[in-house]
Amino acid sequence: MNKHIVLYKKLSPALMIRLQERAQVTLIDTLDSDGLQRLRAALPSAHGLLGASLRLDAELLDLAPRLEAVSSVSVGVDNYDIDYLSGRNILLSNTPDVLTETTADTGFALILATARRVVELANLVRAGQWNHNIGPLHFGSDVHGKTLGIIGMGRIGEALAQRGHFGFGMPIIYHSNNPKPAVEKRFNAQYRSLSQLLQQADFICLTLPLTAQTQGLIGAEEFALMRPESIFINISRGKVVDENAMIAALQQRQIRAAGLDVFEREPLQHDSPLLHLDNVLATPHIGSATHETREAMARCAVDNLLAALAGERPANLVNEVVWRQRLERV
Ligand code: DGY
């Protein structure tokens, strides 16, 4: 295969060798202004792109007239203009499945840590402020037996339900585009409208993708439906939530706490009010960030890209329409 692949994410040596055996590879290892300039310079001859955490808009991709495939090292595809890619017959692939369990682990870590105030109280010990037995002022709330509300019952939502139902005896309620009978049977889960879920769940967890339909889904009206003991967890995308409305709800103790792995702007701005709220636990978008899972995602992305550039259908194709059109033309 005589193709040029541009990587904007560093890969392990084994995966790098795999690509270099099959194509000419240019690595852009940082996305600072110098890196972006090098990316722009490499785009005119690129047949394939592989990376993550960069908004690939038309302005950038217009520089790449030979582009055949974009392979994202992520399950979320909100960084891509899918209509634009499809309009240019460029295949877009992602890395679902391999990160499901790890991301659900992150969700559960946030559930436990916010409910039991793990970070806040560990910081108190570290600061030398553990001077007498902990009293009600520092008590947390139970997780086992509480109602877990999941918004977006996809793969990650299901993995979260599995942990809650089997591990912690939590009643599961969920909201998604459509009821899911198989999920209801497996976890004894019950479908709720969005407003019912917000009113009834002890833990409200977002696991849905960012799309035009979900952007700003949770705003002031939705926070007003939650209860003062509700805990809000976001492991999906920051823009699904109106961050200012969330900050107000946390400041006014309209909800008890929030465990947040994603934010409207990432990295989180250093002057964000979220950093000053003791009922907020913020992590730096670590959903899938384990050694094992990030390597599995990179391997999956490499496989997707090599398949696409060899004229085969990538296993995790996002814009099926491009493939169908190709088949019709043959
Ligand atoms: C994804 O894959 O979309 C995750 O957010 C990255 O951790």
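Restricting the GluC sites (Glu not before Pro) of region 1-80 to loop positions (DSSP other than H, G, I, E, B) with no more than 12 neighbouring Cβ atoms within 10 Å leaves 21.
So, in Å, what gap is there between the alpha-carbon centers of region 211-282 and region 158-173? Spelled out, the Cα-based centre of one part sits 23 Å from the other.
Based on alpha-carbon atoms, the Kirkwood radius and the radius of gyration of region 100-282 give Rg/Rh equal to 0.96. Solvent-accessible area per residue in the chain equals 49 Å², computed with a 1.4 angstrom probe and all protein chains kept. When a/c reaches 1.5 or more, the comparison of a/b and b/c decides; with that in mind, is region 192-282 rounded, prolate or oblate per its Cα gyration tensor? Because a/c hits 1.5 or more and a/b fails to exceed b/c, region 192-282 counts as oblate. Entry for the chain at q = 0.10, 0.15 Å⁻¹: log10 I(q)/I(0) = -0.66, -1.21, Debye formula applied to identical alpha-carbon scatterers, no solvent contribution. Surface composition of the chain: carbon plus sulfur atoms hold 51% of the accessible area, using a 1.4 angstrom probe and ignoring ligands, DNA and RNA. Within region 176-330, the percentage of alpha carbon pairs spaced more than 22 angstrom apart rounds to 55%. With the convex hull drawn around the C-alpha atoms of region 224-274, the volume per residue stands at 72 Å³. Would you work out if region 42-140 is rounded, prolate or oblate? Take a ≥ b ≥ c from the square roots of the eigenvalues of the alpha-carbon gyration tensor; rounded if a/c is under 1.5, else prolate when a/b is larger than b/c, oblate otherwise. Prolate.
The values are calculated or read from the model by the stated rules, or taken from the named source; none is laboratory data. Note that this is a predicted model, so its numbers are computed, not measured. Cβ coordinates were reconstructed from backbone atoms using ideal geometry, including for glycine residues, and neighbour counts include every protein chain displayed. SASA here: full protein model, heavy atoms, side chains in, ligands and nucleic acids out. Shrake-Rupley method; radii C 1.70, N 1.55, O 1.52, S 1.80 Å.
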